[in-house]
Amino acid sequence: MNESKLSSRPPSMGEGRNALDDFIGGTSIHGTEPAAPEPATPPAYPWDAPGVRTDVAKVFNLRLPEPYLLKLKYIAEHTPKSMQSFCLDALLPAIDTKIKALIDPTQR
């Protein structure tokens, strides 16, 4: 059997530098340096961050006094809307109104 020693170096592709080494090292571009990456500007608001998706629903638990929970259930039983749908229809516009007031103090 041929017993060869394992090497921690990859096999060489011949003596000296080759086109692949030049490309990797950037030596084929004469007189230019790689451009520095532009610093990432954080979004102004968390909801504008990359990766925030409008099609993803997150859970938020809300503690309601018992009479209001019973009222909410009554609404859901006597209208075509679910409890979730009723709350979202009321809450989302209220959130947007409050955000506008916080962002633009002249709207307060």
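The values are calculated or read from the model by the stated rules, or taken from the named source; none is laboratory data. On a predicted model such as this, the values are computed, not experimentally measured, just so you know. So basically every Cβ, Gly included, is an ideal-geometry build from the backbone, and we count neighbours across all protein chains shown.
Overview of values
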{"read-out": "Those residues of segment 69-88 which are under 16 Å from residue 59 (Cβ atoms) and among the hydroxyl-bearing types (Ser, Thr, Tyr), in sequence order", "value": "82, 85"}
{"read-out": "Set 39, 67: member being loosely packed, with under 10 Cβ neighbours inside 10 Å and either at pLDDT below 70 or in a loop (DSSP other than H, G, I, E, B) (or both)", "value": "39"}
{"read-out": "Counted residues, segment 70-108 - those being within 28 Å of the chain's Cα centre (by Cα) and not in a helix (DSSP H, G or I)", "value": "1"}
{"read-out": "Members of segment 51-85 found to be farther than 21 Å from residue 95 by Cβ and touching a residue at least 12 places away in the same chain (Cβ under 8 Å), listed by number", "value": "none"}
